[in-house]
Amino acid sequence: MTIRLYLLFSFFVLLAQWSPALSDLVISKLDRKIDLTSQVVRVTANLKIENTGNDPISEVLLPFGDHQAKDLAFLVATTSEGKGKTKTSSSSLPIKVVNPEGMPPSLTWYSVSLPKELAKGKSLNLEVRTAFTHALQPFPEKITQADIQLLVFQESAYYISPYAVNVQSLSVKLPEPKVESFTKLENTKFSGSEIKYGPYENLPPFSFSHIAVHFVSNKPFAVAQELVREIEVSHWGNVQITEHYNLVNAGARSSGEFSRLEYQARPHLRGASSFGHLVAKLPPRAHSIYYRDEIGNISTSNLWGDSSKTLLQIEPRYPMFGGWKTSFTIGYGLPLKDYLFRAEGKRFLNISFGCPIEEVVVENLVVKVVLPEGSKDISVSVPFPVKESRETKFSHLDMIGRPVVVLEKTNAVHEHNQYFQVYYRFSNLSLLREPMMLISGFFFLFVACIIYMHADLTISKSSPSYLAKLQWDEVQTALQQIQSIMNRCLGIHDKLEASLRELSRTGDVQACKAARKSADNMLKELSKDLKPSLSFLQSSSLSASLYSKVEDLVAKEKELQEKLIVKHTTVTDSYEKKSGGRDIENRIAPIQQRITALRQEVDDLLEIIDEI
């Protein structure tokens, strides 16, 4: 506590020696609200910014003292218009850490990029919301079971800014109207559970005035030193979530003896600073919920919910006083269709990131997303910075292991409980891998026994098994030849499309027609090369189940050729008639739509044949 006060005092002394403004920006009005009703200090600052200079401004700088920056858990800035119920806000503005030259070394700077440059004489309303953890200090640091918890909060009554402020005010909201002491300045008012400072006018850059509030707060100081969330995706219809908590009460440390009898008789007097339960807000269709620790299942929990949420009230095995720790696990399942979607040929998981218990601050949050075996081309989209890594997890019947996306976030608060996405590709055939492994395992076990007991295992080139193998090798060779020819055809299709793009760039119709003629000749040659392989597959008994796929592939590619020729003819004729670009696009739009669909179908069939 003494060290923190010394650092804060040193910071203010340094700012007192610093007065130059950073730019021609002026904050004409600033309203700041600080919420101390929980262990997380949430600050909302509404700034009306004006450009009094000649040059347009594209960014606004936000400074934080180093003692604040290390506790900064969440920062977001938006522009706003209107007031009250008509107030509208933009999406979050880009924010990055910067190091402007000539500024105080004890400040951490963030740059907010404006949606558009602020011209001379123009103004903008900017809303900055921040959340700080560990900003409230218990004082005294140790209390007995019968004592209430007192906290100290320290801040500047003036907004620390590199810009001059014309008018500003500050309000501090407390959890209850009980205050031991608070700093009284000019224009200070205490009413109910709120302390108001200001308004203060014509303040130069880097103005400050130290204030401290010593108040009563028995709100839970639940801190998860580590929370590991494992989200396991199963394409058989379930998303299993397991959360491992290492929890501590980070409030004033409990000293002296603990009396269970006094606590049960008068919990509001003999345990006011402790908490006996927490509430986890789970998704609405959560099922198979459990709550346990190393000993086993914990029965002191309650569950209720409706169509919009599921609430799980958990009670540790003992009341949590200051400094006491506990570990437990929460698990539940979610229906896959509510969280797994498809987009642009990929599947993506859309699920919340943070801790479902609103009152808990997480010092180290680890989110592990376990994807099905065979997932590939994995990417992640998270709305805030995280540390990302990869792991592999082996489970029952796994051969190469399941890919695991590991996301780590320090100093996580309720504001981080936002949705994030994990994108990946997964073949439907991979779904059958594990069932087929079981079926095949038993099947081949019995077949092996039968073969061992009855079959002649001597090697002979005239044996049916050897001949069948040769025939299958020939089938595979024919399939590879067909795939190669189809890929060459698709390459010619791409050249035709490229000739049209070159036509739109140069207007050379003759060169485009020459490309078309060359493509026609090559496609005819490939069609001749394809016939022997098709005839072989049609006559082979081993390829009876494959021939329909190959036949469908050839038909789709043929139709794709025809559509491309129609498109090519339409475009070249239009250029010869000197038609407008929009008219050409309208004429080929339905053709292009069919070409795109056919190309996708051909690619899918090629992928299926490749897997076979």
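The values are calculated or read from the model by the stated rules, or taken from the named source; none is laboratory data. Remember, predicted model here, so these are calculated numbers, not experimental data. Cβ placement follows ideal geometry from the backbone for every residue including glycine, while neighbour counts extend to all protein chains displayed. Areas reflect the complete protein model, heavy atoms only, side chains present, ligands, DNA and RNA absent. Shrake-Rupley method; radii C 1.70, N 1.55, O 1.52, S 1.80 Å.
For the stretch 494-513, a residue qualifies if it is assigned to a helix (DSSP H, G or I) and open to solvent by less than 60 Å² (accessible area, probe 1.4 Å), and the qualifying residues are L496, E497, A498, S499, L500, L503, V509, A511, C512.
Here is a yes/no grid of residues against (1) of a type in the set (D, E, K, R); (2) touching a Leu at 6+ places or on another chain (Cβ under 7 Å); (3) more than 30 Å from E141 (Cβ to Cβ):
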{"residue": "G237", "(1), (2), (3)": "no, yes, yes"}
{"residue": "E243", "(1), (2), (3)": "yes, yes, yes"}
{"residue": "L247", "(1), (2), (3)": "no, no, no"}
{"residue": "A252", "(1), (2), (3)": "no, no, no"}
{"residue": "S255", "(1), (2), (3)": "no, no, no"}
{"residue": "Y263", "(1), (2), (3)": "no, no, no"}
{"residue": "P267", "(1), (2), (3)": "no, no, no"}
{"residue": "G276", "(1), (2), (3)": "no, no, no"}
{"residue": "P283", "(1), (2), (3)": "no, yes, yes"}
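Just one of the listed residues (K563, K531, K556) is open to solvent by 30 Å² or more (accessible area, probe 1.4 Å), of a type in the set (D, E, K, R) and over 18 Å from Q600 (Cα atoms), and it is K531. Hey, among P283, P220, which residue is surrounded by 19 or more Cβ atoms within 10 Å (Cβ to Cβ), over 30 Å from R32 (Cα atoms), out of contact with any helix residue (DSSP H, G or I) (no Cβ under 7 Å at 6 or more places or on another chain) and not acidic (D, E)? Going through P283, P220 in turn, just one is surrounded by 19 or more Cβ atoms within 10 Å (Cβ to Cβ), over 30 Å from R32 (Cα atoms), out of contact with any helix residue (DSSP H, G or I) (no Cβ under 7 Å at 6 or more places or on another chain) and not acidic (D, E): P283.
The residues in the stretch 595-612 that are in contact (Cβ under 8 Å) with a residue 12 or more places away in the chain, open to solvent by 70 Å² or more (accessible area, probe 1.4 Å) and either among the β-branched types (V, I, T) or in a loop (DSSP other than H, G, I, E, B) (or both) can be counted, and the count is 1.
Taken over the stretch 256-287, the criterion of being among the small types (G, A, S) and under 19 Å from S352 (Cα atoms) is satisfied by A280, A286. Just for the stretch 561-597: of the residues that are in contact with a helix residue (DSSP H, G or I) (Cβ under 7 Å, 6 or more places away or on another chain) and hydroxyl-bearing (S, T, Y), which one is farthest from T506 (Cα to Cα)? Only one residue fits best here, namely T570. The test for being β-branched (V, I, T) and assigned to a loop (DSSP other than H, G, I, E, B) does not hold for I289. Quick check on G237: is it among the small types (G, A, S), over 24 Å from K33 (Cα atoms) and modelled with pLDDT under 95? Here the answer is yes, as G237 does meet what is asked. Using the structure shown, decide if S540 is over 47 Å from the mean Cα position of the chain (by Cα), open to solvent by less than 40 Å² (accessible area, probe 1.4 Å) and either farther than 20 Å from L606 by Cβ or touching a residue at least 60 places away in the same chain (Cβ under 8 Å) (or both). Taking the combined requirement at face value, the residue satisfies it. Here S375, S379, S352, S395 are screened, and the one residue that is small (G, A, S) and over 19 Å from L334 (Cβ atoms) is S379. Of all the numbered requirements in (1) over 19 Å from V239 (Cβ atoms); (2) at pLDDT 95 or above, E358 misses one, and that requirement is (2). Just one of the listed residues (D610, D520, D583) is farther than 30 Å from L503 by Cα and of a type in the set (D, E), namely D610. Note on the stretch 373-392: among residues that are open to solvent by 40 Å² or more (accessible area, probe 1.4 Å) and polar (S, T, N, Q), the one that is nearest to Y419 (Cα to Cα) is S381.
What is the residue count in the stretch 386-412 for residues that are under 18 Å from E226 (Cα atoms) and not hydrophobic (A, V, I, L, M, F, W, C)? Counting residues in the stretch 386-412 that are under 18 Å from E226 (Cα atoms) and not hydrophobic (A, V, I, L, M, F, W, C) gives 7. When each of E226, E230, E257 is tested for being in contact (Cβ under 8 Å) with a residue 40 or more places away in the chain, assigned to a loop (DSSP other than H, G, I, E, B) and surrounded by fewer than 21 Cβ atoms within 10 Å (Cβ to Cβ), the lone residue that passes is E257.
Output yes when any residue across the stretch 440-457 is exposed (fewer than 12 other Cβ atoms within 10 Å of the Cβ), at pLDDT 90 or above, among the aliphatic types (A, V, I, L, M) and part of a helix (DSSP H, G or I), and no when none is. There is at least one residue in the stretch 440-457 that is exposed (fewer than 12 other Cβ atoms within 10 Å of the Cβ), at pLDDT 90 or above, among the aliphatic types (A, V, I, L, M) and part of a helix (DSSP H, G or I).
Residue count for the stretch 396-434 satisfying the condition of being in contact with a Gly (Cβ under 9 Å, 6 or more places away or on another chain), closer than 20 Å to V366 by Cα and surrounded by fewer than 15 Cβ atoms within 10 Å (Cβ to Cβ): 1. It is to be established whether one or more residues within the stretch 273-282 are under 20 Å from K368 (Cβ atoms) and touching a strand residue (DSSP E or B) at 6+ places or on another chain (Cβ under 8 Å). Scanning the stretch 273-282 turns up at least one residue that is under 20 Å from K368 (Cβ atoms) and touching a strand residue (DSSP E or B) at 6+ places or on another chain (Cβ under 8 Å). Any residue in the stretch 570-594 that is surrounded by 10 or more Cβ atoms within 10 Å (Cβ to Cβ) sitting within a Cβ distance under 7 Å of a residue that is not polar (S, T, N, Q) and not in a helix (DSSP H, G or I)? List the pairs, counting only those 6 or more apart or interchain. Qualifying pairs under 7 Å: Y575/G507.
Looking at I314, I289, I295, just one residue is surrounded by fewer than 20 Cβ atoms within 10 Å (Cβ to Cβ), β-branched (V, I, T) and without any contact (Cβ under 8 Å) to a residue 24 or more places away in the chain, and that residue is I295.
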